[in-house]
1. Taking +1 at the Cβ of each Lys and Arg and -1 at the Cβ of each Asp and Glu, which of A:251, B:261, A:295 sits farthest along the dipole of the protein assembly as shown towards its positive end, judged by Cα position relative to the Cα centre?
2. Could you list B:337, B:428, A:46 in order of exposure, starting from the residue whose Cβ has the fewest other Cβ atoms within 10 Å?
3. Positive end of the charge dipole of chain B (Lys, Arg +1 and Asp, Glu -1 on Cβ, about the Cα centre): tell me which of B:28, B:391, B:417 has its Cα farthest that way.
4. Taking amide H atoms as placed 1.01 Å from N in the peptide plane, list the residues 5 or more away in sequence, or in a different chain, whose amide H sits under 5 Å from that of residue B:87.
5. Quote the FRET efficiency, to the nearest 0.05, computed for residue B:105 versus residue A:184 with a Förster distance R0 of 25 Å and r equal to the Cβ-Cβ distance.
6. Of the residues B:306, B:347, B:160, which exhibits the maximal mean-square fluctuation in a Gaussian network model of chain B defined by a 10 Å Cα contact cut-off?
7. Can you pull the mean other chain C-beta count within 10 Å for peptide A:29-42?
8. Between residue B:386 and residue A:31, what's the calculated FRET efficiency when r is the beta-carbon distance and R0 is 45 Å? Round to 0.05.
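No lab work stands behind these numbers, since they all come straight from the coordinates. Predicted, not measured: the structure shown is a model, and the values here were computed from it. Neighbour counts run over all protein chains shown; Cβ positions are idealised from the backbone, glycine included.
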Amino acid sequence: MSGQLVARFRSVAESGVAVAIGIIAGGLIMLAFRYDPIRAYIALFTGAFGSVSGLLESLAFATPLMVSAVTFAVGVRASLFNIGAEGQAYVGAIGAIIVGGTVLLPPGVHPIAATVFAMCLGAAWALPAAILKIWRGVHEVVSTIMLNWIAFWLTTYLIRTYLGEPGRTERAIPALPTARYPVIGETLTAIIFVTVGFCLLVTILLWRTGIGFELRLVGDNPEAAKYAGASSSRAILVSFLVGGLAAGLAGATQILGRPPSWTLYATLGNVLNLGFDGIAVALIGRNHPIGGIFAAIFYGGLLHGGRFMEYQAGVASELVEAINGIIVIALAIPEIVAILRRRRES
Amino acid sequence: MTKTLGILANRSAITRIQGIIIIAIVVIAAAGAAAYYFMATPPPCPSGSKCIAIVTDVNGRGDLAFNDMAFLGGDMAAKDFGLKLVELISRKDSDYVPNLETAAKDPNIILVVAVGFMLADAVNATAHKYPDKNFMIIDYPNLNFGPNVMGIVYEEHKASAIVGAIATLTAAYYKYARIGVVLGMEVPLILKFEIGYRWGADWALKWYQAKFNETAPVIGDTPVKERVLSAYTGSFSDIVKGYEAAKPMYEKGAAVVYQVAGQCGLGVAQALKESATAKGLTKGPPFWIGVDADQDWYVPGFTLVSAMKRVDKGVYLAAQLAVQGKLRQVIQETGGTVVLGIGTTVSGTPVEGNSVSTMADLDEFIQMGINGEKLTGKKLLPMSPEEIKSTVAAMRNALPSWIWDAAKELEEGIRSGEIKVPNAQMMTAEELAQWRAVLG
């Protein structure tokens with residue numbers, strides 16, 4: 001018990017040191033470019049969390065990331081390096097447009113149907129990587145990267161052809177008003193309850209069910225898991241499918257739950273990088289779905305608050321990105337070290 | 001066992017030293033920052049000043065065209081009217097609304113400028129939420145966005161028609177079979193450029209026939225479908241895609257390639273430079289045609305002309321009206337959408353937005369290249385300003401005067417309203433198909 005407590009304290013302390021290092025390193029860079037780091041950081045954090053509207057906007061940025069982080073996190077829990085959330089999110093967005101934009105359903109049912117369909121498409125897009133891994137041992141990094149590109153071009157094609165909005169070829173058909181989640185404030189909608197709920201469900205799945213135990217066992221020590229009679233195939237399959245559902249949901253949030261466009265642009269600009277940002281969020285959240293919720297809110301705060309560093313402290317926007325990147329890398333290091341340590345031990 | 005414990009103890013000792021170092025760094029950095037705080041740079045829009053905010057789309061700055069032109073106009077307005085210019089660069093599509101809102105909430109901002117059609121939905125939402133704030137959007141009409149939004153649109157089809165004519169006659173003069181055009185995303189706004197360019201090519205061949213009583217050499221005999229090569233890259237930012245689209249056009253014998261793809265279009269110039277260097281050429285043919293800005297300085301000797309779209313004038317105009325307090329009046333008079341083009345007026349005063357680049361424009365835009373070098377830290381100007389000017393002048397003089405006469409004739413016809421260029425932005429799918437059947 002005390003060992004567990006020490007471990008938990010240690011991971012919190014590590015994250016705290018990481019935050020400090022990231023913020024100091026970013027501050028030194030700002031000093032080097034003759035900007036005012038204190039004013040910039042005040043602008044960043046008060047902009048992101050210092051007002052109701054800022055907080056709502058930061059939460060809007062966090063909404064898709066907490067679930068796209070789950071994709072990577074459940075992968076790591078099963079000892080997989082699943083980076084397919086990016087493509088699965090595109091496909092999820094397409095699913096949300098198909099049901100949300102082209103099918104007539106009563107309000108209340110419509111958003112749920114569109115969300116579920118989007119999640120199922122995301123899971124379906126994860127399936128080939130899972131099957132290749134189980135059946136032929138194809139490394140998931142290779143298969144998911146390739147599937148990401150296939151998803152990118154397929155989605156672009158669909159927007160420019162069958163799903164394009166007539167007269168506005170730069171975007172797809174928007175979700176019908178009946179399919180949209182109600183707006184809470186700024187660009188935050190009620191879909192955040194769905195994403196938080198999903199993270200909680202995955203937590204229960206991982207730590208309160210037999211399948212979750214098996215998944216973690218396979219991830220921690222495949223050899224021991226084999227002797228204990230656990231099925232690594234099943235663990236891999238479950239990990240990919242849960243990850244696909246999560247990424248599909250991440251894509252759906254930008255269609256059914258993000259004003260003002262409620263649709264997907266032909267550049268995929270409003271879903272681009274959700275999956276890759278999710279990896280960073282998962283690492284900051286120590287690959288735990290609940291840690292991911294808080295990490296996503298922090299990351300969303302950086303995404304939203306960054307503009308105030310530029311606006312109030314005059315920091316060049318390129319430098320804002322670099323500073324945010326440094327903070328994120330510093331925060332991700334403890335988990336990267338932990339993953340590497342686990343790899344070496346097994 | 002003891003050995004393991006020893007290592008563990010060592011590890012924690014290292015951590016403690018690291019901890020001390022980190023705390024030391026924190027203290028030093030905090031002290032340094034606090035000292036620096038007193039001599040810090042002021043924010044871009046300090047309280048008590050009047051400012052204009054420019055919000056970009058995801059393509060951002062550095063395109064030497066569309067977005068940079070908006071900042072040029074903002075800079076000039078700031079200088080002339082004693083304003084401060086604040087920029088909000090959008091990194092993601094989801095930045096549009098929060099960026100516009102950040103500017104809208106600032107009481108010092110007298111005008112929020114949205115650069116590009118991609119921000120239309122966001123402007124619509126934000127303008128309704130902040131009815132007291134003035135907004136302006138480039139390249140999008142005010143479609144019920146409210147009485148506080150000025151939409152500024154241009155007549156790109158007309159400028160494209162003129163450069164299409166110049167390109168076609170240049171191909172005829174040098175006996176090339178084709179011309180080309182590389183475009184960004186396939187949206188109504190960009191279709192307007194494409195159809196205008198094709199229409200200009202068609203007009204030029206008829207003009208040649210009438211003038212010299214014979215079909216234009218080579219290009220006049222090329223089947224309509226193959227005369228004007230076109231490609232949509234789907235991007236306004238990816239230079240590689242622009243390069244890949246232009247390369248085969250030059251290989252197929254295009255004398256001139258017109259670029260309508262922002263930063264992506266600079267790839268056209270790269271493809272051209274590469275084949276010119278391989279052949280040891282110092283001036284065209286082949287050529288390319290620049291867009292939005294005067295890009296004649298970019299690859300001097302190979303840039304035939306530029307189809308200018310004065311985004312800077314649009315920003316300047318809106319800022320001027322906002323300073324004078326006349327913005328809403330003009331929005332009311334015009335129904336919210338101001339057209340800047342060839343022979344256009346705003347409240348009775350002539351304000352033009354489109355033209356074909358001249359030597360006078362070149363001076364102004366060489367300066368923009370110098371500013372661009374400062375901004376990106378990369379070398380942009382290929383040679384000294386004087387050399388650029390003499391190279392461009394030599395290239396222009398090498399072309400027969402009848403090409404420039406034709407361009408002038410077309411421009412005057414457009415200005416007087418005698419010549420009508422089809423505007424693809426407003427076309428239905430059937431109308432577009434009809435024009436494609438005629439123009440290729």
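1. A:295
2. Lowest to highest Cβ neighbour count: B:428, A:46, B:337.
3. Of the candidates, B:28 comes out farthest on the positive side.
4. Amide H neighbours of residue B:87, under 5 Å, 5+ apart: B:54.
5. Calculated transfer efficiency: 0.85.
6. Maximum fluctuation in the GNM of chain B, among the listed residues, is at B:347.
7. Partner Cβ neighbours, averaged per residue: 3.
8. My answer for the efficiency is 0.65.
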